[in-house]
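Engineer: Following this message is one structure expressed as structure tokens.
The values are calculated or read from the model by the stated rules, or taken from the named source; none is laboratory data. Predicted model, so just to flag it, every value in this text is computed and none were measured. In this analysis, Cβ positions are derived from the backbone assuming ideal geometry, glycine residues included, and neighbour counts consider all displayed protein chains.
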Amino acid sequence: MFNRNFWGLICLLGLTWSLIQAKAETSASGKGGPFISLHGTPVSEFDANLKGSPLVLGGSGVGLASRNFKLGGSGGAGFLWNPSQNIEFGMGYGGILGEYTLTNWLNIRLIIGGGGYAIAKITDETQSSRTVEKLASGGFFLFLPSINADIPINNVVKLSLGLGYFLPNVSKLQSVVFTLALNIGKS
């Protein structure tokens, strides 16, 4: 499996290429910024006694590749929202991002990349030690399609609301994703 440095390099190359192409256009534009995503599928898929849903914080950026198409990169790291006390969870991913503009306020996106995750149940804990039972861990290949609506705050800043599907090759992580993003730049 490819490590995160490989995916980081691929994202950097994709973003660099899209920015170079954008400079060649007379109406060059680009945008990017932070996002937060809440996954709809809880970790109880791994163990019925556990609760919490993955929450991912990350960032994305795109540059103009053609009139309606932008290319860039995106990535994030996740933890659990409202977890049970006896759980350890971590997840991270990154990939190439393609965005197609449908209207000036609506676009579709696709992230193709990879990442990794780990989930463990804490079975015993004292002040000096912790015993965990590893439930699952590993790498994954990812497709993340979404549809996003942009709400302009001013001529450079937009608030973006998105609905997508997190589709890694680990079925217990597959989930509907609700995203809130801040996009800064011209699009």
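Engineer: Which condition number does residue 34 fail, the rest of (1) modelled with pLDDT of 90 or more; (2) surrounded by 15 or more Cβ atoms within 10 Å (Cβ to Cβ) being met?
Structural biologist: So residue 34 meets the others, but not (2).
Engineer: Follow-up. Looking for something buried (at least 19 other Cβ atoms within 10 Å of the Cβ), more than 22 Å from residue 47 (Cα to Cα), charged (D, E, K, R) and in contact (Cβ under 8 Å) with a residue 60 or more places away in the chain - is there at least one such residue anywhere in region 139-155?
Structural biologist: No, the conditions are met nowhere in region 139-155.
Engineer: Among the residues of region 63-88, write down those that are under 29 Å from residue 50 (Cα atoms) and either of a type in the set (Asp, Glu) or part of a loop (DSSP other than H, G, I, E, B) (or both).
Structural biologist: Selection gives 82, 83, 84, 85, 86, 88.
Engineer: Looking at (1) part of a strand (DSSP E or B); (2) within 17 Å of residue 90 (Cβ to Cβ); (3) not small (Gly, Ala, Ser), which is the only condition residue 144 fails?
Structural biologist: That leaves (2) as the condition not met.
Engineer: Let me confirm something: among 128, 146, 137, which residue is closer than 14 Å to residue 78 by Cβ and not aliphatic (A, V, I, L, M)?
Structural biologist: 137
Engineer: So residue 93 clears everything in (1) within 24 Å of residue 171 (Cβ to Cβ); (2) modelled with pLDDT under 95; (3) of a type in the set (Ser, Thr, Tyr) except one condition, right? Which one?
Structural biologist: That leaves (2) as the condition not met.
Engineer: Within region 166-187, which residues are touching a Phe, Trp or Tyr at 6+ places or on another chain (Cβ under 8 Å) and part of a strand (DSSP E or B)? Before you say what the answer is, go through the steps one by one.
Structural biologist: So the first thing to find is which residues in region 166-187 are touching a Phe, Trp or Tyr at 6+ places or on another chain (Cβ under 8 Å), and the list is 167-170, 172-177, 179-182.
Answer for region 166-187, where residues must be touching a Phe, Trp or Tyr at 6+ places or on another chain (Cβ under 8 Å) and part of a strand (DSSP E or B): 167, 168, 175, 176, 177, 179, 180, 181, 182.
Engineer: Here's something else I'd like to know. So, of the residues in region 100-133 that are of a type in the set (A, V, I, L, M), under 30 Å from residue 64 (Cα atoms) and in contact with a Phe, Trp or Tyr (Cβ under 8 Å, 6 or more places away or on another chain), which turns out to be surrounded by the most Cβ atoms within 10 Å (Cβ to Cβ)?
Structural biologist: 111
Engineer: If you take the residues of region 70-88 that are surrounded by fewer than 20 Cβ atoms within 10 Å (Cβ to Cβ) and either modelled with pLDDT under 95 or touching a helix residue (DSSP H, G or I) at 6+ places or on another chain (Cβ under 8 Å) (or both), which of them is farthest from residue 172 (Cα to Cα)? Give the steps one after another, and end with the answer.
Structural biologist: From region 70-88, those surrounded by fewer than 20 Cβ atoms within 10 Å (Cβ to Cβ) are 77, 79, 81-86, 88; that's our starting set.
Cutting the leftovers down to either modelled with pLDDT under 95 or touching a helix residue (DSSP H, G or I) at 6+ places or on another chain (Cβ under 8 Å) (or both) gives us 79, 81-86, 88.
Working: 79: 16, 81: 17, 82: 18, 83: 17, 84: 18, 85: 21, 86: 19, 88: 16 Å.
Once the filter is applied, the top-ranked residue is 85.
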